[in-house]
Each structure stands twice: as C-alpha cells, then as structure tokens.
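Single-structure report; data block below.
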Amino acid sequence: MSETQVPRQAAVTDHSTGELVKQLTEQVSALVRDEMKLAQLELTRKGKQTGLGIGMLGGSGVVALYGVACLLACAIIGLSHVLQAWLAALIVGGALFLIAGVAAMAGRGRMKQGTPPVPTEAVESVKTDVAEIKERVKR
C-alpha cells in the first residue's frame, strides 16, 4: 500500500514590528499614490467635458451674435421710417447697453455662487480608506 500524503498546513509566520511598520508605510504610500491618480483622472475627465461644452457654447454664441446683428439692423431700419436714422440707431444702442448691464450684474452674482471643482469620487474614496484604516487599527 502506498502512503497518502496529508497536506501540511501553511506555517503562520509572525512578522516583527519593524516588518509590519515597513509594510504599513509601503501600503499607505501606494494608497496615496493611487488616490492621487484617481483624482487626476477624474479632473482630467471633467476638464475635457467642460472644454467641449465651452467650445460648443462659444460657437453658438458667435452664430447668435450674427442673428442679433440682423435683428438690430431690422429694428434700426424700422425705426428710421418714423425717426431719423441716427436717432433710431441711438435708441437701439442705448437699449442694448441697458440689457448688457443687467446681464453683467446677473452674471456677476452667479459667478459668486459658483463653487470650485472638487474631485468628489476621489474625496469619497479617501474618506472610505481612512475609515477602513481606523477600523483596522482598533482591532
């Protein structure tokens, strides 16, 4: 009869405190590097989307500017049949400055309300990591 080999249990090795501290510092530094990469990737992705949106808004703004110029010319020509041409242009120009002032004030208020872009996913991930480390330290 042949002897059957019984698998031996893996010997549990005890690590010294120095080795554990070394492992801890290596793992924490790797974790920090990974979190920084995640934040960088997230901000890059958000930046690309924002850039595309800004470009599209800029293009639509140029087209809208030409449309507004045509409507302004129409308004001036229409008023010039009732008033002199220079007075019609002056009235339309004054109205435009008034509208521009109101829009500038509203835009200024909105800019103050804006918040800086924050990599929310990375922040949540770091919070989760810190909570996990605190929990394991308590054990």
Mean projected area (nm²) from the convex hull of Cα positions in segment 65-139 is 7.7
Nearest 10, in degrees from 0 to 90: the angle of helix 17-80 to the longest Cα principal axis of the chain is 10
Given a Förster distance of 25 Å, the FRET efficiency implied by the Cβ-Cβ spacing of residue 132 and residue 48, rounded to the nearest 0.05, works out to 0.20
So the compactness index of segment 7-104, its C-alpha Rg divided by 2.2 N^0.38 Å, takes the value 2.65
Taking protein heavy atoms only, a 1.4 Å probe, and rounding to whole percent, the accessible area of the chain owed to carbon and sulfur comes out at 68
Nearest 10, in degrees from 0 to 90: the angle of helix 85-113 to the longest Cα principal axis of the chain is 20
Rounded to the nearest 0.05, FRET efficiency between residue 91 and residue 40 (Cβ-Cβ, R0 41 Å) equals 0.15
Result for the chain: accessible area per residue, probe 1.4 angstrom, in square angstrom, of 88
So, with points 7 Å from each Cα along the Cβ direction, the residue 98-residue 20 label distance in nm works out to 7.8
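The values are calculated or read from the model by the stated rules, or taken from the named source; none is laboratory data. All values reported here derive from a predicted model rather than from experimental measurement. Don't worry about glycine lacking a Cβ; one is built from the backbone with ideal geometry, like all the others, and counts go over all protein chains shown. Surface accessibility is based on the protein's heavy atoms, side chains included, excluding ligands, DNA and RNA. Shrake-Rupley method; radii C 1.70, N 1.55, O 1.52, S 1.80 Å.
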